[in-house]
Amino acid sequence: MSTIHIPLSQSTVQVSIIDTTLDANLPTAPFMGPPIAGFDRFQLIDYAFLITHKDPTTGRERRIMFDLGSPKDPDKDFPPTTNKVIKSFGGYVKIDKNVSEILTEHGVELGSIEAVVWSHAHFDHVGRPSLFPYSTSLLVGPGVKRSYFPGYPVNAASPILSREFSNRDVQELDFNASDLEIGSLKAIDYFKDGSFYLLSAPGHAVGHINALARTTEDSFIYLAGDSFHHASELRPHGGVGASLSDSLSLKLPSLSCPCSGSRFHLIHPLNERSRIPEHYRGYYDQVPNDPDRVPFHTLSETESGETMAVDLRAARGTVEAIQRFDSDPRVFVIAAHDTSLRGVLEYFPKTANEWRENGWKEEGYWLFLKEFGKAVEVAEETQ
Ligand SMILES: [Zn+2]
């Protein structure tokens, strides 16, 4: 059994997963590669997380939000540069509600949220902190203030509006001030009792962070933010239970299935190494030559070296760290946009703490393969 060292504690938090109502259709190329024919675009939803901590002695509750999804009116709520980036993706990005509305609809007073934590300062995570009272602090990762503040329009290049955080306590997390490391990631024990850790998860964006929430004494939910956008960038990785084995049997309506895991080898880059684009060779030279132990995608890069990540090497290192958490049966990994988990997860106002008894990890682990139905067909036709 592969486990990582997580400090012992009996303190837990309540985790509620909020479907922030984003519905987007985006091209895969900017996010993941090498390209797999027949999988050119993908659907994204967007999770935010309400974390509630209850003091066992006093019963006092403290609440924080990890991410806020996207504001619902991009034309009004973003600087022109951000809207240009969104439009450049083609497809569509739709948002029905601000997270603040979803919280109040279910009786959570915004004044009870002591802090909003941004996994990173991209449009689909920052939400609208200005809709929260000034008593709610904003916590951001290292370097975010330097890179983006004071925001648009003072800083014309900033992707966020200054109105969203002006007159508010904004704190930048300092991971160097903490000696704690969990699974090789620098960690901050937020409530100081082992119930909720903020983790430095660099690479995707400036100051990108993840979190680890203790849902029972020995079970955890790992909040992966945008460290990966599709589970095919994480799996398979050869950790325990993570091999794309023949015992896997998926029902895919688009193929004549149940399908064994090995049927998907056909679309794996390692199935035909000669077809891997030159600029990805550096990555594939370093990984085992085994489609059961290497994810279908890695983080995208272009021939000219362009990448969505601010630090591609660090971002890939973060994915490797998450693979170690993913190999640990006590840990359930959820990335902000893992659409394949829809239908497995139960959303706010329900809580996610019973994920282990409910079997969510096993049920959702390989569901991303369902999105490869067309890709397998294309590969079988061209064989
Ligand atoms: Zn995102």
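Among the residues making up segment 125-146, those that are open to solvent by less than 50 Å² (accessible area, probe 1.4 Å) and among the hydroxyl-bearing types (Ser, Thr, Tyr) are 130, 136, 137. Among the residues of segment 66-89, are any open to solvent by 20 Å² or more (accessible area, probe 1.4 Å), more than 16 Å from the ligand (Cβ to nearest atom) and either at pLDDT 95 or above or small (Gly, Ala, Ser) (or both)? Checking segment 66-89: not a single residue is open to solvent by 20 Å² or more (accessible area, probe 1.4 Å), more than 16 Å from the ligand (Cβ to nearest atom) and either at pLDDT 95 or above or small (Gly, Ala, Ser) (or both).
The residue that is nearest to the ligand (Cβ to nearest atom), among those in segment 333-380 that are more than 17 Å from the chain's Cα centre (by Cα) and hydrophobic (A, V, I, L, M, F, W, C), is 348.
Kindly indicate whether residue 57 is modelled with pLDDT of 95 or more and open to solvent by 10 Å² or more (accessible area, probe 1.4 Å). Here the answer is no, as residue 57 does not meet what is asked. Go through segment 165-182 and give me each residue that's more than 18 Å from residue 115 (Cα to Cα) and either surrounded by 22 or more Cβ atoms within 10 Å (Cβ to Cβ) or charged (D, E, K, R) (or both). Of everything in segment 165-182, those that are more than 18 Å from residue 115 (Cα to Cα) and either surrounded by 22 or more Cβ atoms within 10 Å (Cβ to Cβ) or charged (D, E, K, R) (or both) turn out to be 179, 181.
Would you be able to say whether some residue in segment 24-42 is farther than 30 Å from residue 282 by Cβ, of a type in the set (A, V, I, L, M) and surrounded by fewer than 20 Cβ atoms within 10 Å (Cβ to Cβ)? No; the residues of segment 24-42 include none that is farther than 30 Å from residue 282 by Cβ, of a type in the set (A, V, I, L, M) and surrounded by fewer than 20 Cβ atoms within 10 Å (Cβ to Cβ). Could you please give the count of residues in segment 47-67 that are more than 21 Å from residue 225 (Cβ to Cβ) and touching a residue at least 40 places away in the same chain (Cβ under 8 Å)? The qualifying residues number 4. What number of residues in segment 108-124 are open to solvent by 10 Å² or more (accessible area, probe 1.4 Å) and away from the ligand (no atom under 16 Å from the Cβ)? Qualifying residue count, segment 108-124: 6. Counting the residues of segment 5-43 that are closer than 30 Å to residue 101 by Cβ and polar (S, T, N, Q) gives 7.
May I ask you to verify whether residue 278 is among the acidic types (Asp, Glu), out of contact with any His (no Cβ under 9 Å at 6 or more places or on another chain), at pLDDT below 95 and open to solvent by 10 Å² or more (accessible area, probe 1.4 Å)? Criteria met by residue 278.
For segment 137-169, filtering for residues that are in contact with a strand residue (DSSP E or B) (Cβ under 8 Å, 6 or more places away or on another chain) and of a type in the set (Gly, Ala, Ser) leaves 6.
Among the residues of segment 41-63 satisfying the criterion of being within 14 Å of residue 12 (Cα to Cα) and not charged (D, E, K, R), which is farthest from the ligand (Cβ to nearest atom)? Checked segment 41-63; the qualifying residue farthest from the ligand (Cβ to nearest atom) is 57. Checking 132, 228, 149, 196 one by one, the residue that is in contact (Cβ under 8 Å) with a residue 40 or more places away in the chain and more than 16 Å from the ligand (Cβ to nearest atom) is 196 and no other.
Considering the conditions (1) at pLDDT 95 or above; (2) away from the ligand (no atom under 16 Å from the Cβ), residue 127 is excluded by exactly one of them, (2).
The values are calculated or read from the model by the stated rules, or taken from the named source; none is laboratory data. A quick note: this is a predicted structure, and the numbers were derived from the prediction, not measured. Please note: Cβ atoms are built from the backbone with ideal geometry, for glycine as well, and neighbour counts cover all protein chains shown. Just the protein is used for accessible areas: all its heavy atoms, side chains included, with ligands, DNA and RNA removed. Shrake-Rupley method; radii C 1.70, N 1.55, O 1.52, S 1.80 Å.
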